[in-house]
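Enquirer: My questions will all concern the structure given below.
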Amino acid sequence: MSLPVDLRDPQAVQLYVAHTRLQVGTPVAILVNIATHLVCILLIHPSARDISHTHTTPITPGSSLVAISWTIAYSLMVALSLLLIASHKDETKRTFVHGVGVRFIIVHWLLAGWMVAWTIQWLATSLALLSVSIALLFWIAITLQAYPPVRTRPLDTLTIHVPILFLFMTLFVNALPLSIYIVLGWSYPDYAENIEYAYHAWEGMGILAGPTVVGLVWVIARVDIVSAAAGMWGMMCIIWSGHAKPAPVLVFAIIFAILYPMVFVVTLMVSRMRERQKLNREGGIALPPDDVDDPVVPAHAGAHSANGANANSNGVESSSHRVWGEA
């Protein structure tokens, strides 16, 4: 019977132990978080949704669209757990252990506490728990840059990078500004009469602008399609909320719903152009020298050999562009 790890290799043993710890702790934390959300939304009265209606704001997103966001996020979390349990490649294990780590377990326990605090209307506590969760997710996203997605492991991209970035942007763009606005005491119940919807409209836009602009900067810096899609969806949740929106908030949400995908496309095009220019400056792909000594070329064949070398060089460069694209 062979052991799953070489006991003579200390690094392999350390990786195996850390990965096993994550295989146990991460799925449990995710399931606890999902169960807490379902209980607080469906089984408790007043539910988390009722609390949201009690504290309506100009930047409140639509409840049905938020439900779609959470469904996507937690479906991705379940996929992450399945990959974590079934992973056997060392590269994937290192991504989980060093790129994600125990911080992700802490995030889900904090999010479970956030939902409980929100439901019992400990609003300041819920904001604190949410802020720490977002900070940890941002830390994980930064760490994952050392373990970038690769084409040879598409499941790592779909079930590690995508879930974490989507959850981070959903909380950062929608949940954080809303919690800050409510804690400041500027909310109003949606059943109140003679509501002044423009009340603190510019302040609401300012609170929304901070995370939204930072998210856009992240998209530009990382050329990240997941963050761009999540940011655009967050703005659409505010636009289609079903509540009247003051002009500053509505115009801001519409502008950034357009900016997120547009900026991503432009940044991607610029990145491709720079990589293509760099490849052209380097003269294509340099082939390694042959092991066999070059044969002696007659003098009269010099011109023909030079022309052949130039043609071969151009052929290699054009072939590399066909295979790899514009980088």
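Enquirer: Using a 10 Å cut-off around each Cβ, can you sort M232, M262, M77 from fewest to most neighbouring Cβ atoms?
Expert: Arranged by neighbour count, lowest to highest, M232, M262, M77 become M262, M232, M77.
Enquirer: Rounded to whole Hz and in sequence order, give me ³J(HN,Hα) for the range 41-50 from the Karplus expression 6.51 cos²θ - 1.76 cosθ + 1.60, θ = phi - 60°, writing x for Gly and Pro.
Expert: Couplings: 8, 9, 10, 9, 10, x, 7, 4, 5, 5 Hz.
Enquirer: What is the dipole size for the range 10-273, taken about its Cα centre, with +1 at each Lys and Arg Cβ and -1 at each Asp and Glu Cβ, in debye to the nearest 20?
Expert: Computed about the Cα centre, the dipole is about 880 debye.
Enquirer: Mind sorting K93, K278 by how few other Cβ atoms lie within 10 Å of their own Cβ, fewest first?
Expert: Ascending number of Cβ neighbours within 10 Å: K278, K93.
Enquirer: Let me ask something else about it. Sorting V97, V173, V270 on the 10 Å Cβ count, fewest up front, what's the list?
Expert: V270, V97, V173
Enquirer: Which residues' amide hydrogens lie under 5 Å from the amide hydrogen of T56, considering only partners 5 or more residues apart or on another chain, with H built in the peptide plane?
Expert: Amide H neighbours of T56, under 5 Å, 5+ apart: Y188, D190.
Enquirer: So what's the gap between the Cα centers of the range 208-254 and the range 88-150, to the nearest angstrom?
Expert: 21 Å
Enquirer: Something else now. Which whole-Hz couplings ³J(HN,Hα) result when phi for each residue of the range 161-169 is put into the Karplus expression 6.51 cos²θ - 1.76 cosθ + 1.60, θ = phi - 60°, listed in order with x for Gly and Pro?
Expert: 5, 4, x, 5, 5, 5, 5, 4, 5
Enquirer: HN-Hα J couplings of the range 268-277 from phi, Karplus 6.51/-1.76/1.60, θ = phi - 60°, integer Hz, Gly and Pro as x?
Expert: Coupling constants for the range 268-277: 5, 5, 5, 4, 5, 5, 5, 5, 5, 4 Hz.
Enquirer: Could you list the chymotrypsin sites (Phe, Trp or Tyr not before Pro) in the range 164-257 that lie in coil according to DSSP, counting only those with at most 10 other Cβ atoms within 10 Å of their Cβ?
Expert: Passing both the DSSP loop test and the Cβ count: Y191.
Enquirer: Could you point to the residue in Y74, V251, G234 farthest towards the positive end of the range 10-273's charge dipole, with +1 and -1 charges on the Cβ of Lys/Arg and Asp/Glu respectively?
Expert: Y74
Enquirer: With unit charges on the beta carbon (Lys/Arg positive, Asp/Glu negative), name the residue among A86, L136, L123 whose Cα is farthest towards the positive pole of the charge dipole of the range 1-153.
Expert: Farthest towards the positive pole: A86.
Since every read-out is calculated from the coordinates, none of them should be taken as a lab result. Keep in mind it's a predicted model, so treat the numbers as computed, not measured. A quick note on method: Cβ atoms are made from the backbone with ideal geometry, for glycine too, and the neighbour counts reach across all protein chains shown.
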